Amino acid sequence: MPQVIVYPPAEDGGRRVRVADSFAGMAYTVIDLVEFLRRAGLGDVEPEDVLGAEWIEWRGGGPQDWPR
């Protein structure tokens, strides 16, 4: 698994996502994060896989923290 970092929420609620050494985008929901992971080659990842994944480093809140 590549290293995945989800950064703290920005003012607009989006969270920067880094997959390996690349910026994947701004995620606003777990679904966005799953899409970034699929684009990075992890095609079989589902939202429930992300919620408890030890291979994702959550900074500034966990997978339930998506403020608007």
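Summary table below
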quantity	calculated
MRE, 222 nm, helices only [DSSP H, n ≥ 4, -39500 (n - 2.57), over the chain, to nearest 500]	-5500 deg cm²/dmol
In order through the stretch 51-68: 3J(HN,Hα) via Karplus (6.51 cos²θ - 1.76 cosθ + 1.60), integer Hz, x for Gly, Pro	4, x, 5, 6, 8, 10, 9, 9, 10, x, x, x, x, 8, 9, 10, x, 10
Principal-axis tilt of helix 30-39 within the chain, Cα atoms, nearest 10 degrees	40
Directionally averaged projected area (convex hull, Cα atoms, the chain), nm²	3.9
Euclidean distance of C-alpha centroids, the stretch 6-33 and the stretch 53-68, integer Å	9
Charge dipole magnitude, Cβ of K and R +1, D and E -1 - the stretch 3-66, Cα centre, debye nearest 20	240
Difference of contour (0.36 nm per residue) and Cα-Cα distance, I31 to D12	5.1 nm
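All of the numbers you see were taken from the coordinates with simple rules; none came from a lab. On a predicted model such as this, the values are computed, not experimentally measured, just so you know. Cβ coordinates were reconstructed from backbone atoms using ideal geometry, including for glycine residues, and neighbour counts include every protein chain displayed.
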